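Following: one structure in structure tokens, then a few remarks.
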């Protein structure tokens, strides 16, 4: 009950502060976030991190598949196959929410 009360108190405080800031401040924050997302250094860093994550996931996949072998339930194996069919390294050829491409 104590956590629920703290959650609703935080929600109320956030709502009041948010409404006081108003739409103008929201637009400023939104524009700042867009500028950061379009910064070439940020995009390169994000792509580098994504590529390292894909490499790590590939290594982990092979390590786990060697150790687990045929002991994986069929539902899990089906899901893994479906994810791997999305494209090279599990990516899809589409733009993400930030307007960048996963290709």
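So here's what we get for this one:
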quantity: Hull volume in cubic angstrom per residue (convex hull over the Cα atoms of the range 1-53); calculated: 97 Å³
quantity: Cα-based Rg and Dmax for the range 28-86, where Dmax is the largest Cα-Cα distance (Å); calculated: 17.7, 53
quantity: Extension gain from residue 44 to residue 32, taking 0.36 nm per residue of separation minus the Cα-Cα distance; calculated: 2.5 nm
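No lab work stands behind these numbers, since they all come straight from the coordinates. Keep in mind that what you see is a predicted model, and the values were worked out from it rather than measured.
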